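Some notes on the structure that comes next.
The values are calculated or read from the model by the stated rules, or taken from the named source; none is laboratory data. None of the values given here were measured: they were computed from a predicted structure. Quick reminder, even Gly has a Cβ in these numbers, built from the backbone with ideal geometry, and neighbours come from all protein chains shown. These accessible areas exclude ligands, DNA and RNA; they are computed on the full protein's heavy atoms, side chains included. Shrake-Rupley method; radii C 1.70, N 1.55, O 1.52, S 1.80 Å.
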Amino acid sequence: MKGRMTWFNVTSVALGFAFLYIPILLLVIYSFNDSKLVTVWGGWSTRWYAGLLNNEELMKAAWVTLRVAVVSSTIATVLGLLAAIVLTRMNRFPGRTLFSGMVFAPLVMPEVITGLSLLLLFVAVGFDRGFWTLTLAHTTLTMCFAAVVIQARLYDFDKSVEEAAMDLGASPLKSFMQVTLPIIAPSVISAWLLAFTLSLDDFVIASFTTGPGATTLPMKIYSQVRLGVTPEINAISTLMIGVVALGVIVAALSQKRAMVRQQAETRAVDAGAK
Amino acid sequence: MRRWIVIGIPYFWLLVLFLIPFLIVFKISLSDTASAMPPYTPVLDFANLRAFFAGLDFENYGFIFSDPLYTNAYWASLKIAFISTLLTLIIAYPVAYGMARAPKQWQPLLVMFVILPFWTSFLIRVYAWIGILKKEGLLNLFLSNFGIDPLTIHNTVYAVYIGIVYSYLPFMILPLYASLEKLNPALLEAAQDLGSPPWKTFWQVTFPLSIPGVMAGCFLVFIPAMGEFVIPDLLGGSDTLMIGKTLWSEFFSNRDWPLASAVAVILLFMLVIPIVLFQRNQQNQREAAR
C-alpha cells in the first residue's frame, strides 16, 4: 500500500515511536546521573560505569552469559537452518504437522512453562544444572526463532539457481553449500544475532534451568531491581543495550553492502549478456 | 538417506527438549510433594509399576480448583491478557497503518526501528518503567510542574497494562504492517471512486483485508501475556495476581514442584486453543504467500 501520508498518519507513527523509545532513552540518560537518587539530576558522570568494572561478581555473571549466548546461538543457528530447510523443502513426511507445531509453539509459549518443563527434564535424567543445561535450554528456544527467520528467506528463494547447479553435476549437498548458503547468508547471520540476543536477555528460562555457579547477568540485574531503582542497574542496562544496538547496526550495514554488491553483479551479468 | 538426516536432527532435538518435557510436567503434576531433593516422589520406577500407578492422583488439581487463590489468578490473567491485547491492537493499528503509507524508501528503516526494542532485554525495558511510574518517579516529577498531584500507578494493575502494551507492541505492529503493506491501493481508489467515504472504506475494505495480521498480532500478544511473570512481578506489586507469578512462587518459594506442574498444565490447556489457531493462521498465510 502506498499513498500520501496524512497528518494523522505522521502523528500516529511519531507517537508510537516516542512511546517505544522514550523509556529506553530516559534509562540511558539517567545512567550518567551523578546523583545516587534516580529522580534528582546531579550532573553528568560516568562513575557508575567505573564501579561496574570493579564488581567482580557482576563481571563473572557477564562472562557466563556471554559464553552461553555464543555457544547456544551457534548450535541454534545450525539446527534452525536444518528446521527451515525441512519446513520449506520437504512437504511430505510422517509427522510433519507435529514438526511444524514444535517449531512454532515455543515462539508464543509462556516462558515459565518452557523453563519449568526443561528443568523437570534435566532433573528426571539426573543432569547437573549449570552451564550446559542452560545452554541446551537456550538452544531449544532460540533455534525456533532462527528457523522462522531463515525459512522466511528460503520461501522467496529462486530455486532455479540450485537446480542449475545440480544439472551441471553438483550433488544436492554441494549445490546447497556453494550456491544456496552464500545467497541466504544474510538471513543466517541475522538468525544467529537474534538467537544471541535472546539468550543474552533471557531471565525466566535461565532462572529455572541454571544451577549454582552459572548465574547470568539478567538474573543478577533482577535480584538488584527487586531492591529498587539504582544508577548502577541503569549503567549495566545501558551497556547491554549498547552491545545489542551495535550488533544490529553492524548486521544491517553488512546486509546492505551485500545487497549492493549483489545488485552490481547482476547488472554486470546483464550488461555482459547484451 | 540424507533427507532423513536433515529431518531427523531438528526433529529429534525438539522431541527430546520440547515435547518430552511436557509429558514429564504432566506426570509430575500427578505425584505427591515430598520434602526431598528433588522435592517430589519419583515418577518412574519400573521395578514397581503398580505402586507407581497407585501413587498417581489428581489431588493437586482438586486443590487448585478448590482454592480461590488459584482460580482468581487464572481469571485475572485471562482478563489482563485480554484487555492488554485489545489496548495493544488499538495503539498498534494507526502506527502500522502510517508505516504502510510512508514513502517506500523509508519503510525498511521504520521496520528496523520497530524491531530494535525487541532486541533489547525485556527485563531492562520493564525496569525502565519502574523509574517512570513509581511514586517519586519521572512521570510524577513531570506532572508536578503543572501542579498535578502525584498519581499512584506503580504496583497497581494499570502499571501491568502499560508494561504489557509497551513490551509487546512490536509483536503487534509487525504483522499488522506486513498485511497492510500488501494491500492493493487500487481497491481503495475503486471504493473512493464509487463514492465511499474514507471511514466506510476503512471498515469495509482495509480492515477486513488486514484480519490475518490482526489475528497473528493478537495471538503473539495474548498467549505469552497470559503466563507473564516479569511484568506483574516488577510493576504489579503484591496486589496483582497473575498465574505466571503464582507458578513462580509455588516453584521457587514454596518448593512445591508437583503443584507448580499442575498450575502449568492447566495454563497450557487454557492456551492450547489459541496456540492451535495461531499455528493455523501462520500456515494459511504461508500458503497464501506462495
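Residue count for region A:44-77, restricted to those that are over 27 Å from A:Val204 (Cβ atoms) and in contact (Cβ under 8 Å) with a residue 12 or more places away in the chain: 6.
Of all the residues in region B:148-202, those that are facing another protein chain (nearest Cβ under 10 Å), among the β-branched types (Val, Ile, Thr) and open to solvent by 60 Å² or more (accessible area, probe 1.4 Å) number 0. Residues in region B:254-264 that are surrounded by 21 or more Cβ atoms within 10 Å (Cβ to Cβ) and in contact with a helix residue (DSSP H, G or I) (Cβ under 6 Å, 6 or more places away or on another chain): B:Pro258, B:Leu259, B:Ala260, B:Ser261, B:Ala262, B:Val263, B:Ala264.
Between A:Ala214, A:Ala251, which is touching a helix residue (DSSP H, G or I) at 6+ places or on another chain (Cβ under 7 Å), within 14 Å of chain B (Cβ to nearest Cβ) and either touching a residue at least 12 places away in the same chain (Cβ under 8 Å) or open to solvent by less than 60 Å² (accessible area, probe 1.4 Å) (or both)? Among A:Ala214, A:Ala251, only A:Ala251 is touching a helix residue (DSSP H, G or I) at 6+ places or on another chain (Cβ under 7 Å), within 14 Å of chain B (Cβ to nearest Cβ) and either touching a residue at least 12 places away in the same chain (Cβ under 8 Å) or open to solvent by less than 60 Å² (accessible area, probe 1.4 Å) (or both).
Screening the candidates B:Leu69, B:Leu30, B:Leu14 for the property of being touching a Ser or Thr at 6+ places or on another chain (Cβ under 9 Å), modelled with pLDDT under 90, within 14 Å of chain A (Cβ to nearest Cβ) and closer than 30 Å to B:Phe222 by Cα yields one hit, B:Leu30. Looking across region B:271-290, the residues that are surrounded by 15 or more Cβ atoms within 10 Å (Cβ to Cβ) and touching a residue at least 60 places away in the same chain (Cβ under 8 Å) come down to B:Phe278, B:Asn281, B:Gln282, B:Gln285. A Cβ distance below 9 Å, combined with a sequence gap of six or more or placement on separate chains, defines the contacts here; from region A:78-103, residues that are in contact (Cβ under 8 Å) with a residue 40 or more places away in the chain reach residues that are part of a loop (DSSP other than H, G, I, E, B) in the pairs A:Thr88/A:Phe157. The residues of region B:204-216 that are touching a residue at least 60 places away in the same chain (Cβ under 8 Å) and either open to solvent by 10 Å² or more (accessible area, probe 1.4 Å) or closer than 20 Å to B:Ile80 by Cβ (or both), listed by number, are B:Pro212, B:Val214, B:Met215. For region B:90-130, taking the residues that are more than 7 Å from every other protein chain (Cβ to nearest Cβ) and among the aromatic types (Phe, Trp, Tyr), the one that is farthest from the chain's Cα centre (by Cα) is identified as B:Trp106.
Screening the candidates B:Gly244, B:Gly237, B:Gly227 for the property of being on the phi > 0 side of the Ramachandran plot and either of a type outside the set (A, V, I, L, M, F, W, C) or in contact with a helix residue (DSSP H, G or I) (Cβ under 6 Å, 6 or more places away or on another chain) (or both) yields one hit, B:Gly237. When the residues of region B:217-250 are filtered to those that are open to solvent by 10 Å² or more (accessible area, probe 1.4 Å) and free of Cβ contacts under 8 Å to residues at least 40 places away in the same chain, the one that is nearest to B:Ser84 (Cα to Cα) is B:Asp233. Among the residues of region A:22-68, the ones that are within 11 Å of chain B (Cβ to nearest Cβ) and either at positive phi or aromatic (Phe, Trp, Tyr) (or both) come to 2 in all.
Pick from region B:135-147 the residues that are at the interface with chain A (Cβ under 7 Å from one of its Cβ atoms) and not in a helix (DSSP H, G or I): which of them is least open to solvent (accessible area, probe 1.4 Å)? Ranking the candidates gives B:Gly137 first. With a requirement of 2 or more residues that are of a type outside the set (D, E, K, R) and modelled with pLDDT under 85, the helices (runs of 4 or more DSSP H) lying completely within region A:177-274 that satisfy it span A:231-273. Looking only at region B:246-253, decide whether some residue is part of a loop (DSSP other than H, G, I, E, B), assigned by TED's automatic domain parsing to the domain that holds B:Glu189 and acidic (Asp, Glu). Checked region B:246-253: no residue is part of a loop (DSSP other than H, G, I, E, B), assigned by TED's automatic domain parsing to the domain that holds B:Glu189 and acidic (Asp, Glu).
For the residues B:Val221, B:Val214, the requirement of being touching a helix residue (DSSP H, G or I) at 6+ places or on another chain (Cβ under 9 Å), more than 11 Å from chain A (Cβ to nearest Cβ), assigned to a helix (DSSP H, G or I) and not hydroxyl-bearing (Ser, Thr, Tyr) singles out B:Val214. Name every residue in region A:20-61 that is surrounded by 15 or more Cβ atoms within 10 Å (Cβ to Cβ) and not in a helix (DSSP H, G or I), in order of residue number. Of everything in region A:20-61, those that are surrounded by 15 or more Cβ atoms within 10 Å (Cβ to Cβ) and not in a helix (DSSP H, G or I) turn out to be A:Phe32, A:Asn33, A:Val38, A:Thr39. So which residues in region B:76-115 are of a type in the set (A, V, I, L, M) and open to solvent by less than 10 Å² (accessible area, probe 1.4 Å)? Residues satisfying the conditions are B:Ile80, B:Ala81, B:Ala92, B:Val95, B:Ala96, B:Met99, B:Ala100, B:Ala102, B:Val114.
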